[in-house]
Amino acid sequence: MKLEFSILREFGSHLADGSQAIEFRMGRIGPYVDICREIVLDFSGVRTANSSFINALICGLVEQHGKKVVEVLVFKGCNPVIRVLIEAAIDLGLQKIDQNVKA
Amino acid sequence: MRIQLPIHINADGLPPFLSMLGQPLVEGEEVTLDFSGLRRVTPAGLVGLVATVLRWRREHHPVAFLGLDVCAITGYLQRMDVLKTCGADMPESFTRHEAKGRFVPVRLVDHRVNEMGHEMASCLAPGGDDYDHPMSGIYDMAWYVLTEIANNARQHSGGQGYVTAQVNSQEGLVRLALADNGKGILKSFQDTGFSWSSGMDDAVAIQKALEPKVSSKGWPANEGVGLTLVAELSRLTRAWLLIVSGQGTLQILPKRGLSVSKLSDGRRFHGTLIGLTFRQQEVRDFADLLHQAKSRTGLLRDGGITGKFKV
């Protein structure tokens, strides 16, 4: 099963509100991580985002579902700023997993 | 209480001005602001004044405005919507022109942070909303900083935030400022129940807020990296950053580096004020700056798993 979301259609071209991202992550992505082989987040047309939004969307997924979610998620149509934010959100999630394991 | 506004409220004159505004008042005491000598004020001074006047009003202190008839910059204060926002509107003797590329009047930070960021960044960097435009780096920097600090003001302060910005094209400078009249950073930590915040002072609390992954909101709403990255971006672009909260002040200066101190006479700014001034020429490739800022703060490790991307 493959799932695809247009982030532009869901949130518009500017992404600043982390609480919206959390709601979306928990209700629309989280439940499908274990049953989809691919979840595409299409950022085409998204002009910019901040760390609050992207961390709320991505970091929490990695922290909750572990490294396997990185294999499931595909990020499409990202401009260079969005790409940096996503890479850092994945890394932040992985750092949190490492910390939890150590604790 | 009568406050004579100084001639210049900028750079090193800003903390003393905030000390003046922080004088204690007795219940119901009137405040008189005398503008007659004022000749220059930066955006940070404007929002510091607005947030304070509206706090006084909220606490039922009458506020009187004197000397605006002789003040050299009354027109500027009107254009910046300072007087209107403070409830001291007066007839304008000038025609308002397009502000694009020059300034953004003072506005309340409300739930429309996305729109606020876009409108302000577009005004400061006309055309920059197009990713391939030469102004896009300035647009991105302004949008990122404004939305992160506005989110903080909305989520943590418990008060009202006011934001403004200005471009000085001769000097090539962009000035952004936000001030709220809420509880301040230290109280926000303490209200969250962080044991490490007991016995802490305001200046140390500001420094703590700049550390990565420290947030008084906490998971799942916030990862506590917004202010960390704003500070690192200001270091990377050799910008001037000022954060005032309670009695504490923190500055990151292009040549002098980090400087932490307290407002004079034990005074406090009732809320949090953030002012950032950066040079347009230092912000060309925002993606690269953000990558560096994330790496330097340990929020993006080299050689890690980066995810699957496709065009």
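The values are calculated or read from the model by the stated rules, or taken from the named source; none is laboratory data. As the structure is a computational prediction, the values presented were derived from the model and not from experiment. Here the Cβ is made from the backbone with ideal geometry for all residues, glycine too, and neighbour counts use every protein chain on show.
Checked against the criterion of being facing chain B (nearest Cβ under 9 Å), aliphatic (A, V, I, L, M) and not in a helix (DSSP H, G or I), the candidates A:84, A:74 yield just one match: A:74. Return the residue satisfying two criteria in turn: it lies in region A:54-65 and is of a type outside the set (A, V, I, L, M) and in contact with a Leu (Cβ under 9 Å, 6 or more places away or on another chain), and of such residues it is nearest to the other protein chains (Cβ to nearest Cβ). So, considering only residues that are of a type outside the set (A, V, I, L, M) and in contact with a Leu (Cβ under 9 Å, 6 or more places away or on another chain), the one nearest to the other protein chains (Cβ to nearest Cβ) is A:55.
For residues that are polar (S, T, N, Q) and in contact (Cβ under 8 Å) with a residue 12 or more places away in the chain, scanning just region B:173-192, find the one that is farthest from residue B:58 (Cα to Cα). Result: B:192.
Only one of the numbered conditions (1) closer than 21 Å to residue B:22 by Cβ; (2) in contact (Cβ under 8 Å) with a residue 40 or more places away in the chain is not met by residue B:80, and that is (1). Residue A:84 satisfies every condition listed in (1) surrounded by 24 or more Cβ atoms within 10 Å (Cβ to Cβ); (2) under 13 Å from the mean Cα position of the chain (by Cα); (3) in contact (Cβ under 8 Å) with a residue 24 or more places away in the chain except (3). Of the residues B:188, B:157, B:198, B:215, the single one that is surrounded by fewer than 17 Cβ atoms within 10 Å (Cβ to Cβ), small (Gly, Ala, Ser) and modelled with pLDDT under 95 is B:198.
Restricting the search to helices (runs of 4 or more DSSP H) fully inside region B:101-196 and requiring at least 1 residues that are over 25 Å from residue B:291 (Cα atoms) and of a type in the set (S, T, N, Q) gives B:136-156, B:185-192.
Kindly indicate whether any position in region A:30-53 is within 7 Å of another protein chain (Cβ to nearest Cβ), assigned to a loop (DSSP other than H, G, I, E, B) and either out of contact with any helix residue (DSSP H, G or I) (no Cβ under 8 Å at 6 or more places or on another chain) or buried (at least 16 other Cβ atoms within 10 Å of the Cβ) (or both).
So far as region A:30-53 goes, yes, one or more of its residues are within 7 Å of another protein chain (Cβ to nearest Cβ), assigned to a loop (DSSP other than H, G, I, E, B) and either out of contact with any helix residue (DSSP H, G or I) (no Cβ under 8 Å at 6 or more places or on another chain) or buried (at least 16 other Cβ atoms within 10 Å of the Cβ) (or both).
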